[in-house]
1. Scan region 21-33 and report the pairs whose first residue is over 18 Å from I44 (Cα atoms) and touching a residue at least 60 places away in the same chain (Cβ under 8 Å) and whose second residue is surrounded by fewer than 19 Cβ atoms within 10 Å (Cβ to Cβ) and of a type outside the set (D, E, K, R), with Cβ atoms within less than 8 Å and a gap of 6+ or a chain change.
2. Just checking: which of the strands (runs of 3 or more DSSP E) contained wholly in region 36-97 hold 1 or more residues that are of a type in the set (S, T, N, Q) and farther than 18 Å from F136 by Cα?
3. Quick test of your reading of the structure: F152 fulfils all but one of (1) in contact with a Lys or Arg (Cβ under 7 Å, 6 or more places away or on another chain); (2) surrounded by fewer than 20 Cβ atoms within 10 Å (Cβ to Cβ). Name the failing condition by number.
4. When only residues in region 97-117 that are over 24 Å from H8 (Cβ atoms) and under 16 Å from the mean Cα position of the chain (by Cα) count, which is surrounded by the most Cβ atoms within 10 Å (Cβ to Cβ)?
5. Got a number for residues in region 45-66 being of a type in the set (V, I, T) and either surrounded by fewer than 15 Cβ atoms within 10 Å (Cβ to Cβ) or out of contact with any strand residue (DSSP E or B) (no Cβ under 9 Å at 6 or more places or on another chain) (or both)?
6. Taking only region 1-35 into account, find how many residues are surrounded by 12 or more Cβ atoms within 10 Å (Cβ to Cβ) and part of a loop (DSSP other than H, G, I, E, B).
7. Taking L94, is it farther than 16 Å from T125 by Cα, surrounded by 15 or more Cβ atoms within 10 Å (Cβ to Cβ) and more than 14 Å from the chain's Cα centre (by Cα)?
8. So, in region 112-143, exactly how many residues are over 17 Å from F34 (Cα atoms), without any contact (Cβ under 8 Å) to a residue 40 or more places away in the chain and part of a loop (DSSP other than H, G, I, E, B)?
Amino acid sequence: MRVDEAVHLSLEPADSPAAQYCLEHYFAELAARFETGYDPTRGIPATPDDLTPPRGYFVLATLNGQPVGCGALKCHATHGEIKRMWVATSARGLGLGTRILRRLEELARQRGLALLRLETNKALTEAQSLYRQNGFREVPAFNDEPYAHHWFEKALA
């Protein structure tokens, strides 16, 4: 079976067991990689309610039925906000980050959002590369996220 056939993207409740599994691993990775550690209660929130239609969406990636990645879209009146992008170490290099990001862009377009925004930490060099490769451009800070060093935007056609 080809990798793209073994990978499945689905919309999932952000408080489901599979989503929580991904978020726990995401938060643990941030805590290990950030110079100051990571406490999700200090950052700008993305609650399960924020990531439930129509307020937002949570995309789950599975590989052979196992959760291996996620990403979320928070919908605002003027733009969409990409949150919680993560791919398990074991699944990196398979293009999952790009697939998740494109699905979130598709959801934003369906909602009529003309702009996507996100922020990321300087330690997440792979994320910065992913965003640049997918048409995001670095812009001045647009929020006060305490863990962010880089802010990005992408206009949607």
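1. Short answer, once both residue conditions are applied: R33/A123.
2. On the way: elements: 56-63, 66-75, 80-87.
So the answer is 56-63, 66-75.
3. The single condition F152 does not satisfy is (2).
4. The initial filter retains those residues of region 97-117 that are over 24 Å from H8 (Cβ atoms), namely 112-115, 117.
Filter again for under 16 Å from the mean Cα position of the chain (by Cα), leaving 115, 117.
On the way: L115: 14, R117: 20.
Restricting to residues being over 24 Å from H8 (Cβ atoms) and under 16 Å from the mean Cα position of the chain (by Cα), the top hit is R117.
5. Step one: filter region 45-66 for residues of a type in the set (V, I, T), giving 47, 52, 59, 62.
From what is left, the residues that are either surrounded by fewer than 15 Cβ atoms within 10 Å (Cβ to Cβ) or out of contact with any strand residue (DSSP E or B) (no Cβ under 9 Å at 6 or more places or on another chain) (or both) are 47.
So the count comes out to 1.
6. Final tally of qualifying residues: 6.
7. Details: farther than 16 Å from T125 by Cα: yes; surrounded by 15 or more Cβ atoms within 10 Å (Cβ to Cβ): yes; more than 14 Å from the chain's Cα centre (by Cα): yes.
Yes: the conditions hold for L94.
8. Number of matching residues: 7.
We did not get these values from a lab; they are worked out from the coordinates using the rules stated. Please read these numbers as outputs of a predicted model, since none were measured by experiment. Virtual Cβ from ideal backbone geometry, glycine too; neighbours counted across all protein chains shown.
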